[in-house]
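The values are calculated or read from the model by the stated rules, or taken from the named source; none is laboratory data. Computed from a predicted structure; not experimentally measured. Please note: Cβ atoms are built from the backbone with ideal geometry, for glycine as well, and neighbour counts cover all protein chains shown.
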Amino acid sequence: MMHLFINSLAASAGGGLTYIRNVLPHLADAPGLRVTVALAPSLREEFRSFPSIDFRELEVPAARRFWYEQSTLPGIIAQCHADVLLSTGNFALRKSPVPQILLSRNSIYTSADFYADLRSRHEYRMWLDTHFRAVMAKRSIGWADQTVAPSEAFAAELSRWTGRQVLSVHHGFDHDAFSSDSSPLAADVEEKLGAADGSLKLLFVSHYNYYRNFETLIRALPLLRDGLAGRTVRLLLTCKLAAGENPGSYRPENAAKLVKDLGVSDMVIELGAIPYRQLHQLYRRADIYVTPAYAETFAHPLVEAMASGLPVVASDLAVHREICGESAVYFPRFSPEALAEQVAKLAESPEISKRMSTVGQQRSQQFSWKMHVEKIVQLARQLIDTQAAPATTSTS
């Protein structure tokens, strides 16, 4: 039986948490596999339904996590007698006691747009911190026995950046699990959605950060109001543009000011964070999914939107084209004019929207968490066999 140790200490929000939520059910059912997961105590309650998985609850402040992982985690892995390590938080262990697979899924380290954005916002401390983390992320790819990216486009980008081979294993999607929860949305969320009935509802699922490029989307709103005269437009956000309301150190005050200065406060509906298990209800209440992100590695909400039958308007990134294909229309990532034009095109062409909806639902079926887990487990076994091969040869 193979013993897989998963370092998910970095899973706190966004894609990292989505990943753990979706792979653990399949790992729990995988034959011939024992799994130990290191995670924050705050997440343990959510995963109590997996008695076959061992959990190591480790309370580590975010500021100390990297150093803790490098100094202390190797000993914990060795004590567990694990066979292989899956590092899910973009950083590998420099001295892993077992073969190591690194999941790299943070595109800001290689994004010139992100560094330029930070400079324009005078976020010099974050600029320096990101550069430091980028150096560590680049070295991590060298420390790992194999690095895996969630898309072909990002794998190619990492290979160009590091000169090393990076495999692509698409993240997955499980439609039945995603849409299984029927508990009602919170009363205040329902009230806000009810007030938007009859409007063209655009949906953007993300907590506030800079690389998701909220400002371009906000700047498109007055253009849509003028271009779709006689039809109200509402933008549904799964965050709040207020200090202290989002994970991380990104400051939403400028975005909130932009909403006010452009006079589109009535068009923006800040729903706040929606529990993942209820997100499917939100997709079904929307008309078009939009994403203006200028950096991305996979974008789970795109698959969720396609599976929910929403046509997609996405910034013209290689990753977005890889994931969505013909189920989306695209625009230059910093052009609110082109974004508004593409939204208006779909709003005024029901037949195009319907065709994209059908294509998207079919395309979403190509992504499978079960298949993703099978490929990761297969890769883990290959690494173990490769490590054992020299010893076998020397005794023959």
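Among the residues of the range 257-291, what is the count of those that are more than 24 Å from Cys324 (Cβ to Cβ) and modelled with pLDDT of 95 or more?
Number satisfying all stated conditions: 15.
Among the helices (runs of 4 or more DSSP H) contained in the range 1-94, which hold 2 or more residues that are touching a Ser or Thr at 6+ places or on another chain (Cβ under 8 Å) and buried (at least 17 other Cβ atoms within 10 Å of the Cβ)?
Ranges flagged: 14-29, 73-79.
Being within 16 Å of the chain's Cα centre (by Cα) and over 21 Å from Gln361 (Cα atoms) is the requirement here; does Pro275 meet it?
yes
Out of all the residues in the range 345-363, is one or more within 18 Å of the chain's Cα centre (by Cα), over 22 Å from Thr232 (Cα atoms) and free of Cβ contacts under 8 Å to residues at least 60 places away in the same chain?
No; the residues of the range 345-363 include none that is within 18 Å of the chain's Cα centre (by Cα), over 22 Å from Thr232 (Cα atoms) and free of Cβ contacts under 8 Å to residues at least 60 places away in the same chain.
Over 24 Å from Leu185 (Cβ atoms) and part of a helix (DSSP H, G or I) - does that describe any residue in the range 274-294?
No: the range 274-294 contains no residue that is over 24 Å from Leu185 (Cβ atoms) and part of a helix (DSSP H, G or I).
Would you check which residues across the range 169-213 are surrounded by fewer than 17 Cβ atoms within 10 Å (Cβ to Cβ) and among the polar types (S, T, N, Q) and list them?
Ser180, Ser182, Ser183, Ser199
Can you pull out every residue in the range 153-177 that is more than 18 Å from Ser364 (Cβ to Cβ) and over 19 Å from the mean Cα position of the chain (by Cα)?
Listed by number, the residues that qualify are Ser159, Arg160, Trp161, Thr162, Gly163, Arg164, Gln165.
It is to be established whether one or more residues within the range 201-218 are within 19 Å of Lys345 (Cα to Cα) and among the aromatic types (Phe, Trp, Tyr).
yes
Only residues that are in contact (Cβ under 8 Å) with a residue 60 or more places away in the chain, within 30 Å of Ala116 (Cβ to Cβ) and not in a helix (DSSP H, G or I): list them for the range 192-216, please.
Within the range 192-216, Leu202, Leu203, Phe204, Val205, Ser206, His207, Tyr210, Tyr211, Arg212, Asn213 meet the criteria.
Are any of the residues in the range 274-282 of a type in the set (Phe, Trp, Tyr) and closer than 19 Å to Ala196 by Cβ?
The answer is no; no qualifying residue exists.
Only one of these is part of a helix (DSSP H, G or I) and either at pLDDT 95 or above or more than 23 Å from Ser353 (Cα to Cα) (or both): Arg321, Arg251. Name it.
Arg321
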